[in-house]
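> Provided herewith is a single structure, encoded as structure tokens, for subsequent inquiry.
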Amino acid sequence: MTTDFEKALEIGRPPNVVKLFPNSKALIVSGKFIDRAMIAKGSAMTIAANGRSRFVMQGALRAAQRANAALIIEIARSEGGANAYCAVNYWNIARQVDSICNELGIKVPVAIHADHYGIKKEEDIAPARIEIPTIFDGGITSIAVDASHMPDDKNLNANIDLNPCIPAWAGLETEIGEIKGNQGLSTTEEAMFLIQGLNAHGIFPDWIALNNGTTHGIEASDQGIQIELTAEIHNALEKYNISGAQHGTSGNSSDRLREITSKTKTTKANVATALQMISWGLEVNDYGNAILDENGDFIKIEGQGVDEKVWEKMLDYAESNGIKGGNFKKLNIVFENVFLGQPKDIRERMVKRVEDFVYNILVNVFNAENTASLAIEEIIKAGSYDPGPKTGKIEDPQEWTSEKIVERAGAIVSDKGLEGDFDD
């Protein structure tokens with residue numbers, strides 16, 4: 001008798017995944033199915049775990065299996081693009097996830113997401129048309145086109161220009177308002193402009209990411225996510241049936257994240273810095289933000305995470321290269337092979353620490369427990385690797401020509417905040 005998992009494995013993996021891994025038992029699927037599973041459960045979101053290392057990916061996948069939760073593993077362009085600071089990248093992340101799932105017998109649906117595919121200027125669009133198909137060739141099943149650094153009309157046009165490079169079955173995220181804390185907060189008007197314009201051009205994103213008051217990396221204040229702003233924007237977009245993607249999750253308390261889950265339409269929550277710090281064995285608070293000592297230095301817990309001698313080497317490297325605070329992320333690519341060369345018990349404790357943290361978040365904060373079964377149900381219901389869009393065309397294309405897009409954008413009053421590099 002064929003189980004639901006076996007049926008989903010047969011029909012639910014997209015063509016690029018089947019081609020790469022024809023004999024695999026890993027259920028790598030479109031991000032669309034992960035979103036649908038959270039919607040089916042209601043008031044639920046899952047972790048999009050930034051796979052900065054193999055240890056983070058192993059821990060997150062083990063936690064998802066324990067929780068029977070659908071999961072997203074992702075890497076951002078700054079982390080794993082052409083100028084990567086991680087050994088995990090756009091082109092090998094699917095291979096690593098597939099390997100881990102088969103090795104450990106993971107049977108929950110997993111999407112592989114290319115996070116923050118950044119377009120910072122119009123000149124970035126032409127090379128992106130070449131590069132984006134290559135990452136899908138590498139096994140990516142979901143992408144975030146992030147042109148939020150540009151003015152509203154250019155953000156919209158970049159999304160339109162690049163959409164033909166993205167398979168119709170793939171999960172799609174778009175972004176309004178660059179993630180920069182309390183600077184340049186997103187507005188309902190800006191979000192409506194982006195989603196209406198995309199809809200008019202037959203583009204129906206699964207998620208929208210906002211600048212709703214949070215930051216990437218280590219959170220320096222407790223302001224964090226603005227729940228009311230997020231809910232207001234999500235409610236305004238209700239007829240377009242789009243979910244929220246929450247960035248900068250690491251710096252926010254469990255209570256605030258529960259509110260995001262219960263009071264907004266968010267189904268995807270990015271967690272990056274917290275998982276890195278936890279795998280290394282650093283002291284963190286209950287929601288993964290690194291705790292610093294009186295000198296502003298990280299606190300390594302003895303007997304947790306990386307070997308103490310390895311941590312000393314990391315500190316020496318950081319000091320000699322002027323690396324401090326959040327920029328410790330740049331140690332990932334330098335030390336990944338060192339981490340892999342540690343004794344088995346050290347490697348296991350790195351993974352287990354991530355697993356326990358992610359499991360708690362999935363079950364006790366994000367309400368994602370048992371969403372794996374719901375995702376499998378969605379695959380079987382669709383009878384395909386592509387469930388199709390959640391909505392149809394509502395807007396009139398004649399009202400969203402290139403000229404009218406520029407005109408409409410010119411009437412938007414918004415504050416983009418300070419200039420600077422806000423990538424993570």
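> Being more than 14 Å from residue 280 (Cβ to Cβ) and in contact (Cβ under 8 Å) with a residue 24 or more places away in the chain is the filter here, so list the residues in the range 341-353 that pass it.
The answer is 343, and nothing else.
> Looking at the range 52-62, which of its residues are crowded, with 24+ Cβ neighbours inside 10 Å and either in contact with a Phe, Trp or Tyr (Cβ under 9 Å, 6 or more places away or on another chain) or closer than 23 Å to residue 5 by Cβ (or both)?
52, 53, 55, 57, 58, 59, 60, 61
> Identify, by number, the condition in (1) within 24 Å of residue 254 (Cβ to Cβ); (2) at pLDDT 95 or above; (3) surrounded by 13 or more Cβ atoms within 10 Å (Cβ to Cβ) that residue 323 doesn't meet.
(1)
> Is it true that residue 376 is over 24 Å from residue 51 (Cβ atoms) and either touching a Cys at 6+ places or on another chain (Cβ under 8 Å) or among the hydrophobic types (A, V, I, L, M, F, W, C) (or both)?
no
> Among (1) outside any loop (DSSP other than H, G, I, E, B); (2) farther than 30 Å from residue 264 by Cβ; (3) not small (Gly, Ala, Ser), which single condition is residue 304 missing?
(1)
> Among the residues of the range 34-60, which ones are assigned to a helix (DSSP H, G or I) and touching a strand residue (DSSP E or B) at 6+ places or on another chain (Cβ under 7 Å)?
34, 35, 38, 39, 56, 57, 60
> Pairs needed: first member in the range 264-276, surrounded by fewer than 24 Cβ atoms within 10 Å (Cβ to Cβ); second member anywhere, in a strand (DSSP E or B); C-beta distance under 8 Å; at least 6 residues apart or different chains.
Once the first residue is surrounded by fewer than 24 Cβ atoms within 10 Å (Cβ to Cβ) and sits in the range 264-276, its partners that are in a strand (DSSP E or B) give 265/243; 265/244.
> Can I ask one more? Anything in the range 1-29 that is of a type outside the set (Gly, Ala, Ser), part of a helix (DSSP H, G or I) and in contact (Cβ under 8 Å) with a residue 40 or more places away in the chain? List them, or say none.
4, 5, 7, 11, 15, 16, 17, 20
> Could you list, ordered by first residue, the pairs with Cβ atoms under 7 Å in which the first is in the range 391-410 and in contact (Cβ under 8 Å) with a residue 24 or more places away in the chain and of a type in the set (A, V, I, L, M, F, W, C) and the second is loosely packed, with under 13 Cβ neighbours inside 10 Å and part of a helix (DSSP H, G or I), at least 6 apart or interchain?
Taking only residues 6 or more apart or on different chains, the pairs are 394/239.
> Determine the pairs where a residue that is among the hydroxyl-bearing types (Ser, Thr, Tyr), located within the range 30-58, has a partner that is part of a helix (DSSP H, G or I) and surrounded by fewer than 24 Cβ atoms within 10 Å (Cβ to Cβ) with Cβ atoms under 8 Å apart, the partner being 6 or more residues away or on another chain.
These pairs meet every condition: 43/261; 43/262; 53/332; 53/336; 53/339.
> Now for a separate question. In the list 334, 354, 310, which residue meets the criterion of being within 30 Å of residue 260 (Cβ to Cβ) and either part of a helix (DSSP H, G or I) or of a type in the set (Gly, Ala, Ser) (or both)?
Every option except 354 fails the conditions.
> If you scan the range 1-40, which residues turn out to be modelled with pLDDT of 95 or more and among the hydroxyl-bearing types (Ser, Thr, Tyr)?
Within the range 1-40, 3, 24, 30 qualify.
> Please verify whether the range 368-387 includes one or more residues that are assigned to a helix (DSSP H, G or I), basic (Lys, Arg), free of Cβ contacts under 8 Å to residues at least 40 places away in the same chain and surrounded by fewer than 16 Cβ atoms within 10 Å (Cβ to Cβ).
yes
> Quick one: count up the residues across the range 18-39 that are hydrophobic (A, V, I, L, M, F, W, C) and either surrounded by fewer than 24 Cβ atoms within 10 Å (Cβ to Cβ) or touching a Cys at 6+ places or on another chain (Cβ under 6 Å) (or both).
Residues flagged as hydrophobic (A, V, I, L, M, F, W, C) and either surrounded by fewer than 24 Cβ atoms within 10 Å (Cβ to Cβ) or touching a Cys at 6+ places or on another chain (Cβ under 6 Å) (or both) within the range 18-39 amount to 5.
The values are calculated or read from the model by the stated rules, or taken from the named source; none is laboratory data. Remember, it's a predicted structure, so these values are computed and weren't measured experimentally. All Cβ positions, glycine included, derive from the backbone under ideal geometry; neighbour counts span all protein chains shown.
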